[in-house]
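The block underneath contains the structure these notes are about, expressed in structure tokens.
What follows draws every value from the coordinates through simple rules; no lab data is involved. This structure is a prediction, so every number in the text was calculated from the model and none was measured. All Cβ positions, glycine included, derive from the backbone under ideal geometry; neighbour counts span all protein chains shown.
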Amino acid sequence: MSTQTKLASRGIIGAVALSAAVLIMPWEGKENEVYLDPANILTSCYGHTGPELKLGMKFTDEQCLDQLAADLSKHNRQMLAVVQVPLSEGEHAAYLSFVYNAGSGRWQKSTMLQLLNQGKRKEACHQLMRWVYIKGQQSNGLTNRRRAEAKLCMRDL
């Protein structure tokens, strides 16, 4: 069974959600055991974080897909709750990937969201490249991820 079929069976349907999942999965990677990410946050599977995680916990591949589906759904609701303009598929998937990675709090306070809601869509997409630092140090991984998100964001504009 393909990853897309597995995600669809967990409620991740539609082009936007699948595009976001396909973008997120390689950047997050998959670790079936809880680990500390580069920002020292307990993380599992495809970048899942939460208070229920403890070092040493292990998850099956199926449990990891369930976490991804639940996280995408939650982050998508949080993201769209503050968006006041229609989004293209590319924007939606790119911003969902960003919110999944950086969190809805950062999204809600960002210049990126302000620009987007002002209708400055291209300028908002360009803001993704400002989010490439971990503890004040530029991260090559985040730089590459944000380039991919920005490219997807601009695709339909």
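General remarks:
- Lysine pair number, Cα distance threshold 19 Å (strictly under), the chain, separation 8 or more or different chains: 10
- Gain upon complete extension [ARG147, TYR35; 0.36 nm per residue less C-alpha separation]: 37.8 nm
- Shown in residue order for segment 125-132 are the 3J(HN,Hα) couplings computed by the Karplus curve 6.51 cos²θ - 1.76 cosθ + 1.60 at θ = phi - 60°: 4, 5, 5, 3, 6, 7, 9, 10 Hz (x for Gly and Pro).
- Scanning residues 5 or more positions from ILE134 or on other chains, those with amide H under 5 Å from its amide H are SER139, with H placed 1.01 Å from N in the peptide plane.
- Degrees, to the nearest 10: 140-154 long Cα axis against longest axis of the chain: 50 degrees
- Using a Förster distance of 25 Å, the FRET efficiency for LYS54-LYS74 (Cβ separation, nearest 0.05): 0.75
- Contour excess over end-to-end distance, with Cα ends at GLN138 and VAL85 and 0.36 nm allotted per residue: 16.0 nm
- Put a plus charge on the Cβ of each Lys and Arg, a minus charge on the Cβ of each Asp and Glu, and nothing anywhere else: the dipole of the chain about its Cα centre is then about 540 debye.
- Backbone N within segment 84-113 under 19 Å of label point (7 Å from ASP156 Cα along the Cβ vector): 84-100, 113
- Computed from backbone phi, the HN-Hα couplings of segment 18-23 come to 5, 4, 5, 4, 5, 6 Hz, rounded to whole numbers (Karplus: 6.51 cos²θ - 1.76 cosθ + 1.60, θ = phi - 60°; Gly and Pro given as x).
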